[in-house]
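The values are calculated or read from the model by the stated rules, or taken from the named source; none is laboratory data. Please read these numbers as outputs of a predicted model, since none were measured by experiment. A quick note on method: Cβ atoms are made from the backbone with ideal geometry, for glycine too, and the neighbour counts reach across all protein chains shown.
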Amino acid sequence: MDCGDRADLVHIWAHAAHHQNDRYEICLANAGFVGYQYWTDEFYTGNNGVTIHDANGATFTLEKWTDYHPTNAFALDYFTNP
């Protein structure tokens with residue numbers, strides 16, 4: 001989904017392990033799930049509560065309108081909560 005200037009969407013900024021200059025922006029809307037194998041640089045929840053499962057087995061929830069900057073976050077699974 002094209003992010004545009006929409007603040008209500010989930011925004012994920014990430015990069016591949018060997019290509020730190022290649023930054024990706026992923027946007028999500030509505031309830032659902034996405035999993036990927038990238039290093040996460042920044043995560044913004046927009047108008048969504050989000051549950052995150054990281055590669056180390058930790059699970060935590062972020063509230064709406066949260067800007068999160070993880071350290072060493074790789075291969076995260078995100079569940080948007082309706």
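Picking from residues in segment 44-82 that are of a type in the set (Val, Ile, Thr) and crowded, with 16+ Cβ neighbours inside 10 Å, the one that is modelled with the lowest pLDDT is THR80. Here THR40 does not qualify as at pLDDT below 80 and either closer than 19 Å to CYS27 by Cβ or of a type outside the set (A, V, I, L, M) (or both).
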